[in-house]
Each structure stands twice: as C-alpha cells, then as structure tokens.
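What follows is a short report on a single structure.
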Amino acid sequence: LISSETCTGLHIIHIAAEMAPVAKVGGLGDVVSGLSKALQKKGHLVEVVLPKYDCMQNERIGDMRALDLVLESYFDGRLYKNKVWVGTVEGLPVYFIEPLHPAKFFWRGQFYGEHDDFKRFSYFSRAALELLLQAGKKPDIIHCHDWQTAFVAPLYWDLYAPKGLNSARICFTCHNFEYQGTSNASELGSCGLDVSQLNRPDRMQDNSAHDRVNPVKGAVVFSNIVTTVSPTYAQEVRTAEGGRGLHSTLNSHSKKFVGILNGIDTDAWDPSTDTFLKVQYSVDDLQGKAENKEALRKHLKLSSADAMQPLVGCITRLVPQKGVHLIRHAIYRTLELGGQFVLLGSSPVPHIQREFEDIANHFQNHPNVRLILKYDEALSHSIYAASDMFIIPSIFEPCGLTQMIAMRFGSVPIARKTGGLNDSVFDVDDDSIPIQFRNGFTFVTPDEQGLNSALDRAFNLYTKNNQTWQQLVQRNMKIDFSWDSSASQYIELYEKSVARARAANRA
Ligand code: ADP
C-alpha cells in the first residue's frame, strides 16, 4: 500500500465511479483523472478508488495486482468479502474493489443503467471507506463525485469518523444535478445508514417525495466542501428552474458551495502527440489538420472533392440535455449551407437512439453526412482533429469538455450560452468581451432560429474571410485549458477546509 509519509503536500483520495481512460462514460471520467494528475503534479499525494468493472479497459492499467488482504464490508445486515486490486492509471495509484457478493455488482457488462444501481454504488461507497479504514489511511481530503459516491459523505461522519478514519475533510463534486440517484428511503439502510435519522427534510429526504432519499442532497448537507463544475452552472442550480429540486438545499448551504470550471487533460488531448491521429499537427503547422480532415473523409466515405468544404463535428451522449432536436436540425442546416457533418454519439434512451439510427440510415451513402452511433475513443480524436467547427447546442451544460477539446484541436465551437459553455465560449461578435478572448459562435434561445444565427455566421466567416478564420483557429489552439489553474482553486478550498478543522480541534 502506498504510504503518505514521504509526501509533504495534502493526501487526497478520490472515490468515484469513473476514471478515464479505464472506466469512462462521459466528462466525470475525464475530470477524475485530469484533476488527479494536476493535483499530483503540484506535489500532493493522490489516490483513487474505483469499482472493478468487468467492462474496464484493463490494458490501460499498469502493474495490476491483487492485494494480499481480504476486505470485509457491511451490506444488508451481514459482512461480504471483497478482493482489492491495485494498479497504475495515468501515473496514479488506483484501488479497484471487486465485491465477492452474489449479485456480482460490477460484473454486468456496463457501468450504469442497472435496476439495482442504488445498491451497487451504496455498497461500493461503503466498501471504499472500509478499505481506507482497514489500510490505515490518514487522508486530508476524501473527494467524492456525483450520486454514485455521494453516500461517502454521510457514511463518513455517521460511521467511519467514529471508527477512527477521522483525519479527513469531505469534498463532494456534483458533475450534473440532473442525476440525483433518489430511491425509496428504506433502501438506504442496506449500506448501514440510519434511515430514520437521515430521511428528514434537513438531511437526505428528497425535496419532492417524503418517502424517498436523495444521495446528492445528502452529500450537499454532509460534506465540508461542495463544488460543481462551472461558475455559471453554480448560479443556475441555485434557481428553481435550474436546481432540479435542490436549489433550496444549495441555497441553505451556499457558504460551502462553489463552481470551478473543469480543465482538460492536455496530455491526453494534444494534437502534436496524439497517436490516434493520422498525422500529428500543431498551431505552427496546420497542414497536418488538413491531412486529418482528408483521412477522416476517406475513412467515412465522405466526399473529398473540395478541401475547403467546412466539416462540422459533434461528439456527444445523445440525451435531451444535449439538445438532440437542435443537433438533428444542425445536420440539415449544415447541408443547406454546403458543409459536411459528422456525428459520433450514442444514446441510453431507446427512442432517441432509434431516431438517430433512422437519420443515419437515411444518410447512409450520402457524400456529406455520416452518423456513427456508438462510443469510440479513437474515432473521437480523429473527429476533433478533422473538423473545422464543432457544435454543442446544449439545453443545459454543467461544464462541457468537448468545446475545450475542440478548440485545442483547432475546431471552432458553436455553442449555446449555458452553464460551463457560457464560461468558456465567447462570441466573435460580442463587443462586451475583449477581442483576445473571443473564440467561437454562441446563441441563447434553444430553438432552430437561435442555432441558425450562430451556425450561419460561422459558415459566413469560414467561407468569406478564411484568413480571419485561420487566425481564430490558431488563437484557440493556444488557449490554456489545462487543469493548472482549476486544480489550484481546488487546493485552496482543500487547504482552507483542513486549516479550519485543525483550528477547531485546537480550540
Ligand atoms: P458529459 O459528461 O455530459 O457526457 P462532457 O462534454 O463533459 O459531457 O464530456 C464528454 C466526454 O465524453 C468528452 O471527452 C467526449 O469526447 C466524450 N464522448 C462523448 N460521446 C462520445 C462517443 N460517442 N465516443 C467517444 N467519446 C465520447
């Protein structure tokens, strides 16, 4: 086990359901590895605890080995054994918990979407804390993420601090308030939490159903630090329209709640070293970008007749949040404007998946449109590199990473002004923004006219003033979207919280 004694910085342990590239569904996975790497680089000891999924990318884990310890953790009135594995992911030490429970919680061929997700992740949250206790860890910060590991906050204070795992402050980051993991109150008892104590309006009771508990609310109430992933989204979720029922809870705990814009992992997303690409390129040598465009067109059997025909990319989970009707509209509008459109997306919502399969079939042999309806890491890199424009018409967007990745690859974002998009995409025609910060095309109203107003302007600039367009591309590729400054903001929060606890202990 890794010892914290040699490190003078903070000891930070992330407990999460995702970590890129081994177990990634969306942005959460990117954030857990990107933030952890940045914290480690700044001299802190960072460890991660994950479930051991059967569907992980095992080849991305270094030195994986089973620990010589049997971890017993409580669930449903008895103890279950867990096998614990340790390995290295992106240079970070990661513990993987494999429950030896008959329900085979993480042996389901998918990360989420199981009927017993509440059980799976409340079990995992408890087992992760049990691991820290049994291993004698003395972390300064335990950082949990989203509803799946939100249970850590009440479990820590109710059960694990009294057992002696009491060195830590708890930080909870909510990556999307749409997903709160509510369940019948009785289910909370399985992981050992006291339902009668916690199913109360000022604790974990869901704000709209009194017989239900809400893990995200529990983490907001019981954590020392609560963050979300952009300043604008932090404001939006404090309102009745944006808070998905939690605005009043967030307002009562507003002193400990802040929005910090995510960064991106600039090593993983770097066109000058990216091995997924046909050719690497950089801001000083954009010929390579053109070659990637040509290669993608060939690969997807799109027309290569005109090198200057603009290529619009979109990479997303196809869920209502992402503005699926506007994505569909953007495909048709791009065709009208004479461009090409490539969509990489998959949907957990059957009717949306079917709708896009129909569109994909309709355009099956079309020279200017291709829809690829699956999750494909390698292809995503090729699309960022090949596209001239990138569309993100979200209805709401806690942070959004694709606009930042797109800019790093020289693809200009066309985005709706909401959440983190509002904090990272600034319209080229917005006079209220200093000219050096303007980097894309934005719109406000989430309808077809709104989207057209941004997409049409992008096409106009691209075709009528390509020199200005190239300058915009180059400026965007130089923007610093690394985790550096955001990680510093997290460290400041961690340190303040640790200092407050130490002062309170001395008093
Ligand atoms: P969210 O977390 O809501 O899905 P983000 O913009 O924060 O959205 O993060 C999306 C991440 O997932 C990006 O790294 C993006 O490249 C990746 N991604 C989304 N859909 C796919 C897909 N179908 N194939 C490959 N990568 C995808």
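The values are calculated or read from the model by the stated rules, or taken from the named source; none is laboratory data. In this text, all values refer to a predicted model and were calculated from it rather than measured experimentally. Here the Cβ is made from the backbone with ideal geometry for all residues, glycine too, and neighbour counts use every protein chain on show. Heads up: the accessible areas ignore ligands, DNA and RNA and are worked out on the full protein's heavy atoms, side chains in. Shrake-Rupley method; radii C 1.70, N 1.55, O 1.52, S 1.80 Å.
Table for the structure above
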item	result
For the chain: accessible area per residue (Å², 1.4 Å)	40
Potential extension, Lys298-Gln110 segment - 0.36 nm per residue separation minus Cα distance	64.5 nm
Relative contact order of segment 343-435, pairs being alpha-carbon contacts under 8 Å that are 6 or more residues apart, as %	21
Net charge over other residues, Cβ less than 15 angstrom from the Cβ of Ala295 (K, R count +1; D, E count -1)	+3
Across Lys52/Lys217; Lys52/Lys83; Lys119/Lys322, pairs whose alpha-carbon gap is larger than 21 Å	Lys52/Lys217; Lys119/Lys322
Accessible carbon and sulfur surface of segment 177-288 relative to its total accessible area, %, 1.4 Å	47
Förster radius 51 Å - calculated FRET efficiency between Leu79 and Asp431, Cβ distance, rounded to 0.05	0.20
Separation between Cα centres of segment 376-416 and segment 443-507, rounded to whole Å	12
Surface share of carbon and sulfur [accessible, 1.4 angstrom probe, percent] for segment 8-139	49
Area of Asp285 that stays accessible when all protein chains are in place (1.4 Å probe, Å², to 10)	80
Share of carbon and sulfur in the accessible heavy-atom surface of segment 315-459 [1.4 Å probe, %]	53
Label point 7 Å beyond Cα of Lys256 along Cβ direction - residues of segment 476-507 with amide nitrogen under 13 Å	494, 497-498, 500-501
Distance between segment 301-315 and segment 72-137 - C-alpha centres, whole angstrom	45
Mean residue ellipticity (222 nm) of the chain, computed from DSSP H runs ≥ 4 via -39,500 (n - 2.57), nearest 500	-10500 deg cm²/dmol
Estimated FRET transfer efficiency (Glu178, Asp285; beta-carbon r; R0 41 Å; 0.05)	0.50
